[in-house]
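Read through the structure below, which is laid out as structure tokens, and then see the notes.
Every number here is computed from the coordinates shown, using simple stated rules; none is lab data. All figures in this text were calculated on a predicted structure; none of them were measured in a lab. Positions of Cβ are backbone-derived with ideal geometry, glycine not excepted, and every protein chain shown enters the neighbour counts.
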Amino acid sequence: MQEPSLRGDLSLRTCLETSELFYQDLLGYKPEQTSLKEIPRKQWGKFTTQRGFDFKSSGVYLPRNQTAIIQEGDSIGLFHEYFGHGLYCEQSLTGRNLVELERKLLEEETLEFNGREFTLEDLKRFRQRNQTFQELDDFRKEHLTQYELFAIWTEHLLSGEFGLRDEFGKRYDSFGKEDREVIDSAIGFSNQFGNLAAFYTFGLRKVQDQKRLLKLSQEIFGKKLDRTRSVLHFGSGKPFSDVDLFVVSSDIQSTYDPWLDVRAYKPEDIERGIEVLNPMVTDPIMVGSLVEGDEDYLATQKRRILSQPVTENAIRFSLDEYGIEMKRAGDNSLGRYLQEKNLRSAKTFLTNALALKNGDKVLTFNGLVEYSRALSRNGKFIELKGGIE
């Protein structure tokens, strides 16, 4: 399917509808809960002053009712408020938490002022002593940079598609040097790894289907993908989980990131992994879905796994890997994310060693989870209680 063109008639309605098609094709969704309100430019000053907004702003987004308010006909404001803040609040966990806090505060303000008139000063005094407002204020401060950066990056993305980079440039030039460096970093990342990777690193929901996984692979691996035997998708595939890719390639390196886990092996390492029934190799091959590559090669590897006998060497391999991963799990310099990842790997290897020792070939992570639970129910190996996550 060819991506829709965003160039042509630049009416706000065209920008809105064509951008929604662009997002639907790229991400698998578009803004659904966000409403759009236009204010005539002559009334903007009065509108913002009456409501306590900055009259110098080009637009406003209200998370509590998920409304993007822009000056009439302002395409850049549409990109920033509706597609930037709107999509972030709909499709990221951070944005959803922001909306939840805002709505909780709205309920408490409604109870406080129900049935009586109040001024902006009355509202300010109430908020100064309100616990939810303080929690919301702290949350905003913690996530403000990411929240605004996503909206500005969205301006850059869509202004380029519509040929409005000059308009974006005027806004870009209004930022200080440090802010421009942060914006440049986000733009540079999307230029290098593609728009899908940029959306996902901002924490937006992932639609992990074959179309988008292939596009993501093409963008992050580039020409190396042409020399790759196979790319498999495995793992939960949940909207806010990381993207798990198993790659057989001599050129691509393993990558670990909160949103992306690339497990890369050279072809000769696959051979070795099958010989020792390494679950990090057997699971993706047995349960993964092919994103790109040679179907015959994948089928051959599956047959080899199924026919591979259990050996003492395989048992020793999993025990050794258990020790290595436990040591890494205790290394505080790696950070909590990698430590927890290594701990899960350690439990996987220990369970696999125990299964192989019993003469059982358990070739998938889910199978090892169930095997661990069975051991725990039998009262053996208490350290495995709770299974493998």
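Structure above, values below:
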read-out	value
Phi-based couplings in Hz for segment 228-234 (Karplus 6.51, -1.76, 1.60; Gly and Pro marked x)	9, 5, 6, 10, 10, 9, 9
Separation of the S333 and D173 label points, Cα + 7 Å toward Cβ, nm	4.8
DSSP beta bridge pairing in the chain, given as percent antiparallel to the nearest 5	60
Trypsin sites (Lys or Arg not before Pro) restricted to DSSP loop in segment 15-83 with at most 11 other C-beta within 10 Å	K56
R0 of 56 Å, Cβ-Cβ distance S57-A374: FRET efficiency to nearest 0.05	0.40
Option label - Rg/Rh (Cα atoms, Kirkwood Rh) computed here, alternatives (1) 1.07; (2) 0.94; (3) 1.02	(1)
Positive-end residue of F202, Q131, G95, charge dipole of the chain with Cβ unit charges	Q131
Cross-link pairs beyond the 30 Å C-alpha cut-off, checked among K56/K124; K211/K341; K177/K211; K266/K341; K224/K302; K206/K341	K177/K211
Dimensions (Å) - segment 257-323, Cα atoms, principal axes, largest first	34, 32, 20
Calculated FRET efficiency for the pair L21/E107, C-beta based, R₀ 30 Å, to 0.05	0.25
Note, ³J(HN,Hα) from phi for segment 74-81, Karplus 6.51, -1.76, 1.60, rounded to Hz, x at Gly and Pro	8, 5, 4, x, 4, 4, 6, 7
The chain: most fluctuating residue of G163, G293, G77 per GNM, C-alpha cutoff 10 Å	G163
Sites D122 and E38, calculated FRET efficiency, Cβ-Cβ separation with R0 35 Å, nearest 0.05	0.75
Computed [θ] at 222 nm, deg cm²/dmol, the chain (DSSP H ≥ 4; -39,500 (n - 2.57); rounded to nearest 500)	-18000 deg cm²/dmol
Anisotropy class of segment 12-201 from Cα gyration tensor, a/c 1.5 cut	prolate
Listed residues N278, G237, Q253: farthest to the positive end of the dipole of segment 207-308 (Cβ charges)	G237
Whole-number percent relative contact order across the chain, with pairs defined as alpha carbons under 8 Å at least 6 apart	9
Tensor-based shape of segment 199-251 (alpha-carbon gyration tensor, a/c under 1.5 rounded, otherwise prolate or oblate)	prolate
³J(HN,Hα), Karplus 6.51/-1.76/1.60, whole Hz, each residue of segment 255-262, x for Gly, Pro	9, 10, 8, x, 10, 9, 10, 9
